[in-house]
Ligand code: OAD
C-alpha cells in the first residue's frame, strides 16, 4: 500500500515535470465513456462469441471471417454507432495538458475518435478509425455517408465494383497498420515521459512499441490489470485512469 502511494506520487511528479510526452492508449481509457473494452472484466470478448454467434471471440476482427460473414461485425459496429459517446476524464486530461506542455503525442489503439473529440491535436489512430471505408476485397473507397447510414442499421454495405462486403478502415488482425505508426516505430521521438494507459498490451505491434518506448525514457504503465510488459516500465500503477486523472488535477493541472 505504502509502495503504491510512493509510486503514484512519483508518477504525478513526472507528469507535472515532463515537457514532452508520448502516450499509448487502449480501450480501458474509454470504458468510463460507456464503451466496453475487449479483455477487461465484462469486456467484449467475454461474451462476443455467444452474442454474435462467432466460432471464437477475436473472429469478429479477422478479415477471412469478415469476408465470409460480416454480420457479427456490423451488429457490433451498429451498437457503437447508434450511441453518442463523450470523452472520459483521461481524454480530457490529455487535451487540457496540451497547452501546458511542449508536446503531447498520442498513439491510440481505439477507433472511437474520443481523443480528437476532447481536443487533442496530435493523435495517431494506429488501429485506424471509422472516418472512411473501403472494399474488403478490392479496396475501392466507399462513400462514408452511405456507409454510416447502412452500418448504423447493421446493414452490410457492398462494394459497387466487385460486390464484396465493405469494411470501415479500421485495422483487423493480420492487416498492416497506418504508415504513420510504422514511421514512429522506426524513428521514435525523444520524449521526457512515456505512458501506456488502459491497454492490456497483448496486441502487436503496439505492445512491442510500448515495450521499446518504456525502456528508452521514464515510463509509466497505468492499467487496472498487469500486462506482459510490466518489467519494461519504471512505474506500474494498477488503478483506474479516471482516478489517476483526478490525482493529476490535484497537482495543479485543471481538468
Ligand atoms: P484490452 O481490452 O485488451 O485492454 C484494456 C485494459 O484496460 C484491460 O487490461 C482492462 O483491465 C483495463 N481497463 C479497463 N477499464 C479501465 C479503467 N477505467 N482504468 C484503467 N484500466 C482500465 O484493450 P486494448 O489493449 O486496447 O484491436 O486492446 C488492443 C486491441 O485488441 C484493440 O485495439 C483491438 C483488440 O482486439 C483490433 O481490433 C485490431
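Each value in this text was obtained by applying a stated rule to the coordinates, not by laboratory testing. All values derive from a computational prediction rather than experimental measurement. With ideal geometry, Cβ positions are generated from the backbone for all residues, glycine too; neighbour counts draw on all protein chains shown.
Odds and ends about this structure:
- A protection proxy built from the mean count of other Cβ atoms within 10 Å ranks the segments 186-192, 17-23, most packed first, as 17-23, 186-192.
- Computed over segment 7-110, Kirkwood Rh from alpha-carbon pairs, angstrom: 16.1
- Förster radius 22 Å - calculated FRET efficiency between residue 231 and residue 20, Cβ distance, rounded to 0.05: 0.35
- Within the listed set 216, 51, 68, the residue fluctuating most in the Gaussian network model of the chain (springs between alpha-carbon atoms under 10 angstrom) is 68.
- Debye log10 I(q)/I(0) for segment 157-255, one point scatterer per Cα, at q = 0.10 Å⁻¹: -0.40
- Taking each residue as 0.36 nm, the span from residue 187 to residue 145 lengthens on full extension beyond its C-alpha to C-alpha distance by 11.5 nm.
- Counting DSSP beta bridges with both ends in segment 180-255, the antiparallel % (nearest 5): 0
- Under conditions of 20 °C and 1.002 mPa s, segment 77-204 yields 130 µm² s⁻¹ as its translational diffusion coefficient, taking Rh as the Kirkwood radius over Cα pairs in the Stokes-Einstein equation.
- Listed peptides 168-178, 121-131 by packing density, highest first (mean Cβ within 10 Å): 121-131, 168-178
- Segment 7-161: relative contact order as a whole-number percent, Cα under 8 Å and 6+ apart: 24
- For q = 0.24, 0.25, 0.30 Å⁻¹, Debye-computed log10 I/I(0) when each Cα of segment 65-111 counts as one equal scatterer: -0.93, -0.97, -1.11
- The chain: antiparallel DSSP beta bridges as a percent of all, rounded to 5: 25
- C-alpha center-to-center spacing [segment 192-226, segment 88-167] in angstrom: 22
- Using the alpha-carbon positions of segment 1-51, Rg (one decimal) and Dmax (whole number) come out as 16.1, 47 Å.
- In terms of packing, defined here as the mean over residues of other Cβ atoms within 10 angstrom, the peptides 6-16, 108-118 line up highest first as 108-118, 6-16.
- The length gained by stretching the chain between residue 202 and residue 6 to full extension, at 0.36 nm per residue less their Cα-Cα distance, is 67.8 nm.
- Per-residue extension of 0.36 nm, minus the Cα-Cα distance of residue 86 and residue 246, leaves a gain of 55.9 nm for this segment.
- Calculated FRET value between residue 121 and residue 224, using beta carbons and R₀ = 22 Å, to 0.05: 0.20
- Global form of the chain, assessed from the alpha-carbon gyration tensor, a/c cut-off 1.5: prolate
- Alpha carbon convex hull of segment 109-156, volume per residue in cubic angstrom: 103
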